1. With only alpha-carbon pairs counted, each pair once and no self-pairs, how large is the Kirkwood hydrodynamic radius of the stretch 19-69 in angstroms?
2. Over the stretch 6-131, how many percent of alpha carbon pairs lie in each 5 Å bin up to the one with the longest distance?
3. With every protein chain left in place, what is the accessible area per residue of the stretch 1-134 in square angstrom, probe 1.4 Å?
4. Karplus couplings for the stretch 125-139 from phi (6.51 cos²θ - 1.76 cosθ + 1.60, θ = phi - 60°), rounded to Hz, Gly and Pro as x?
5. Of the peptides 92-100, 127-135, how do they stack up when ordered by the mean number of other Cβ atoms within 10 Å, highest first?
6. With the Cα gyration tensor of the stretch 76-162 in hand, give its eigenvalues times 5 under a square root as the equivalent ellipsoid semi-axes, listed largest first in whole angstrom.
7. Return the subset of Lys84/Lys146; Lys50/Lys72; Lys111/Lys146; Lys13/Lys36; Lys106/Lys158; Lys100/Lys158 for which the Cα-Cα distance in this structure is over 28 Å, preserving the input order.
8. If you average the sequence gap of Cα pairs under 8 Å that are 6 or more apart and divide by the length of the stretch 36-108, what percent do you get for the contact order?
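The values are calculated or read from the model by the stated rules, or taken from the named source; none is laboratory data. Quick caveat: nothing in here was measured; it's all calculated off a predicted structure. In this analysis, Cβ positions are derived from the backbone assuming ideal geometry, glycine residues included, and neighbour counts consider all displayed protein chains. Quick note on the areas: whole protein, heavy atoms, side chains included, nothing else; ligands and nucleic acids left out. Shrake-Rupley method; radii C 1.70, N 1.55, O 1.52, S 1.80 Å.
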Amino acid sequence: MGTKYKNVLEMVKGISKDDTFKDLATKQIKGKTLAKFLFYLRCDHNLSQKHLATKIGCTQSRISKIESAFDKNLTIQDLLDYAKALNLHLEIGYRHPSVKIVDLIKYHAFKIKAYLNELSGLAKEDSTLKEGVGKFCVEVLFNIGKFVSDNLVKLDLKFKEQKREPDAIHISAPLEKTKLEQLLEKNSGKLASCAK
């Protein structure tokens, strides 16, 4: 059985002995990631180039040129045309290279919170929608918990057991509530509705 490759670029690097060809192939493949993605989107929507061209209002040859173009030759209008024809929203963003992965995770966590709030707002007084949103909240809670626990398992961390001295005493103010207790008390109704 022959060697298996993850992608075409890996195959070219593994098979070819010609460094010039490898460099050229690498530039060709890496320079067309957007065009390849547009091709994927069209195929994912089960559209031929001709059908997409009709929806955009251009020729089939223009679609062919877009899908074989280098990324630097694509225009924002090309991206907008594909988005409109495929009933998609185009989102483009910039990120400073100093932004760390942990900051991205925090950003997306807050985006999830905002989207869940928006979803809950759509339910308003509709009990069927509320029930559906509640079930979805539980699903989100499960999935995010699973993502985190899966990564903790990958890390294979060994937590040391903390031994308490027999005479150690922990004293806390009995009348003050912790911030967590206050937050749980304040949101107990919301948590209960999400758990149903």
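1. The answer is 11.8 Å.
2. Percent of pairs per bin, in order: 2, 9, 12, 13, 11, 14, 14, 12, 7, 3, 2, 1, 1, 0.
3. The answer is 79 Å² per residue.
4. Once rounded to whole Hz, the list reads 9, 7, 5, 5, 5, 4, 5, x, 5, x, 4, 5, 4, 5, 4.
5. In decreasing order of mean packing, 92-100, 127-135 become 127-135, 92-100.
6. Here the semi-axes work out to 31, 26, 12 Å.
7. Result: Lys84/Lys146 exceed 28 Å.
8. Averaging sequence separation for qualifying contacts and normalising by length gives 25 percent for the stretch 36-108.
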